[in-house]
Amino acid sequence: MNVTIENPIRVAIAGARGKTGSVVALALRHAPGIELVGKLVRPNGALEHDEYSDFAKLASDRKPAVLVDFTVFPASKALALQALQYGIRAVIGTSGYTSDDLEELRAASAKAKIGIVYAPNFSIGAILLMQFAKAAAPYFTHAEIIETHAAAKKDAPSGTALATAQLIAKSGHPTRKPSAIVRAEGARGADVEGVGIHSIRIPGAIAGQDVLFANEDEMLVIRHITSTRTAFVAGVIKAVHLAATLDHFVEGVSDVQR
């Protein structure tokens, strides 16, 4: 696809009234080489001229080439599968997907030969943290993750924390010694392939993650904090440009950010 000012990528966004979706929608409207042609929103109140509460009608009327999704799971997965039926590529920023869900999307994308980009996090700092954690994992015996999000976030752990834990587990050999006495259930957090994850949900937060590595001799702490949702914009725009000609499933955007 030859993307120019005269031939921009036609993009729709789902979840356009949400905290992150509204920021991304504004950025897409002003992004070079992209034309924001429609918004999918919940059917609450009057709709603006480019808003739809029905995806089939949006697809028919506006004919987007790419759908950017910042909704909630499991509606997000159903929407991505529906997009494939209309020949629309999806860029998914919604969390809550399991490995089985991603395999379902991967298979559906391969069958349709229509691309999907899924990323647990689109901010460059979070992507770098994951790469740094992967590099550090072979040198330490223990790893714990503390992730912080807004109180309204529905899922725990976050998709970023799960992806980070899985990278650490594949690159190293983390171990966790269980506590002999647990005075409060859940005090040690979750265990994902030997990596501890502790989820904090508190008002005022956007997103943050600390990865703590340790052995008998030293400790390494890697921290990333998202202070505004604009941090996700650059990664989303690059993912849209990638998706425009994509014919397979891509998980993560480490390559997209380059």
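Laboratory data are not the source of any read-out in this text; all were calculated from the coordinates shown. Fair warning: this is a prediction, and the values are worked out from it, not measured in the lab. Here Cβ is always computed from backbone atoms with ideal geometry, including for glycine, and neighbour counts include all displayed protein chains.
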**Message:** Just want the ordering: 89, 183, 229, from fewest to most Cβ atoms lying within 10 Å of their own Cβ.
**Reply:** 183, 229, 89
**Item:** Between 0 and 90°, nearest 10: helix 124-136 axis offset from the chain longest Cα axis
**Value:** 40
**Item:** Extreme residue, positive dipole direction of the chain, given options 117, 56, 74 (C-beta unit charges)
**Value:** 56
**Request:** Specify the angular offset, from 0 to 90 degrees and rounded to the nearest 10, of the alpha carbon long axis of helix 159-171 from the longest principal axis of the alpha carbons in the chain.
**Result:** 50
**Residue list for the range 92-107, given a label point 7 angstrom along the Cα-to-Cβ vector of residue 44 and an amide N cut-off under 19 Å** = 94-95
**Request:** Could you state the angle between the C-alpha long axis of helix 99-112 and the longest principal axis of the C-alpha atoms of the chain, as a value from 0 to 90 degrees rounded to the nearest 10?
**Result:** 30
**Message:** Contact order normalised by length for the chain, with contacts defined as Cα pairs under 8 Å and 6 or more residues apart; what percent is it?
**Reply:** 21
**Request:** For each of 68, 37, count neighbouring Cβ atoms within 10 Å of the residue's Cβ, then give the residues from fewest to most.
**Result:** 37, 68
**Message:** Please enumerate, by chain and number, the lysines with C-alpha under 28 Å from the C-alpha of residue 153, excluding those fewer than 8 residues away in the same chain.
**Reply:** 19, 39, 77, 134, 170, 238
**Asked** For the pair residue 216 and residue 190, how long in nm is the line joining their label points, each one 7 Å along Cα→Cβ?
**Response** 3.2
**Prompt:** Assigning unit charges at the beta carbon (Lys, Arg +1; Asp, Glu -1) and nothing else, what dipole magnitude in debye, to the nearest 20, does the chain show about its Cα centre?
**Reply:** 440
**Item:** Amide H partners (placed H, <5 Å) of residue 35, local residues excluded
**Value:** 9, 10, 11
**Prompt:** What list do you get for 118, 139, 52 if you sort them by fewest beta carbons within 10 Å?
**Reply:** 139, 52, 118
**Prompt:** In percent, how large is the relative contact order of the range 205-258, given Cα pairs closer than 8 Å and 6 or more residues apart?
**Reply:** 27
**Item:** Student exercise, the range 132-257 dipole from Lys, Arg, Asp, Glu Cβ charges, in Debye to nearest 20
**Value:** 360
**Packing rank of 123-129, 232-238, where each peptide gets the mean count of other beta carbons within 10 Å, highest leading** = 232-238, 123-129
**the range 131-258, relative contact order in percent, only Cα pairs under 8 angstrom and at least six apart counted** = 30
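Once a ≥ b ≥ c are taken as the square roots of the eigenvalues of the Cα gyration tensor of the range 23-90, is the result rounded (a/c under 1.5), prolate (a/b larger than b/c) or oblate (a/b not larger than b/c)?
Details: a/c = 1.36, a/b = 1.11, b/c = 1.22.
Note, shape of the range 23-90 comes out rounded.
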**Complete:** For residue 52, the residues 5 or more places away or on another chain with a placed amide H closer than 5 Å to its own amide H are 39, 40, 41
**Complete:** Asserting the computed 222 nm helical MRE of the chain (DSSP H runs at least 4 long, -39500 (n - 2.57) per run, divided by residue count, to nearest 500) equals -10000 deg cm²/dmol
**Asked** From the square roots a ≥ b ≥ c of the eigenvalues of the alpha-carbon gyration tensor of the range 124-227, which class results: rounded (a/c under 1.5), prolate (a/b over b/c), or oblate?
**Response** oblate
**Asked** In the range 124-227, what percentage of the DSSP-assigned beta bridges are antiparallel, given to the nearest 5?
**Response** 75
